[in-house]
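What follows is a set of notes on a single structure, which appears directly below.
The values are calculated or read from the model by the stated rules, or taken from the named source; none is laboratory data. What you see is a predicted model, and the numbers here were worked out from it, not measured in a lab. Please note: Cβ atoms are built from the backbone with ideal geometry, for glycine as well, and neighbour counts cover all protein chains shown.
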Amino acid sequence: MRQFLLIKIERRENTAFEVQRILTTYGESIRVRLGLHEQETSSEGIIFLEVDPKGAIIEMLQKLENLSGVTVKLIEI
């Protein structure tokens, strides 16, 4: 099984620092990270992570979900 997290950040300028802090804390559980944003036309951002199923994924997901303007989805395939 493979696990992915999709993270949508509504206002990067307000929450990007805290999101980065959380991702750094759980960095050992992150296999692949891809960030997408339209810097000139939108303040939204999307982060795509492939995560280690044996890592502390649920804990990281909960901390991210507690941030205002951040939406997180866990996908298992």
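Listed values, structure above:
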| read-out | value |
| --- | --- |
| Search result, residues across segment 36-55 that are under 17 Å from Val70 (Cβ atoms) and at pLDDT 90 or above | Ile46, Ile47, Phe48, Leu49, Val51 |
| Of all residues in segment 44-77 being more than 10 Å from the chain's Cα centre (by Cα) and among the polar types (S, T, N, Q), the one that is nearest to Arg11 (Cα to Cα) | Ser68 |
| Total residues in segment 35-62, condition out of contact with any Lys or Arg (no Cβ under 6 Å at 6 or more places or on another chain), within 15 Å of Ala16 (Cβ to Cβ) and not hydroxyl-bearing (Ser, Thr, Tyr) | 7 |
| Candidate set from segment 1-37 (those that are in contact with a strand residue (DSSP E or B) (Cβ under 8 Å, 6 or more places away or on another chain) and among the polar types (S, T, N, Q)); member that is farthest from Lys63 (Cα to Cα) | Gln3 |
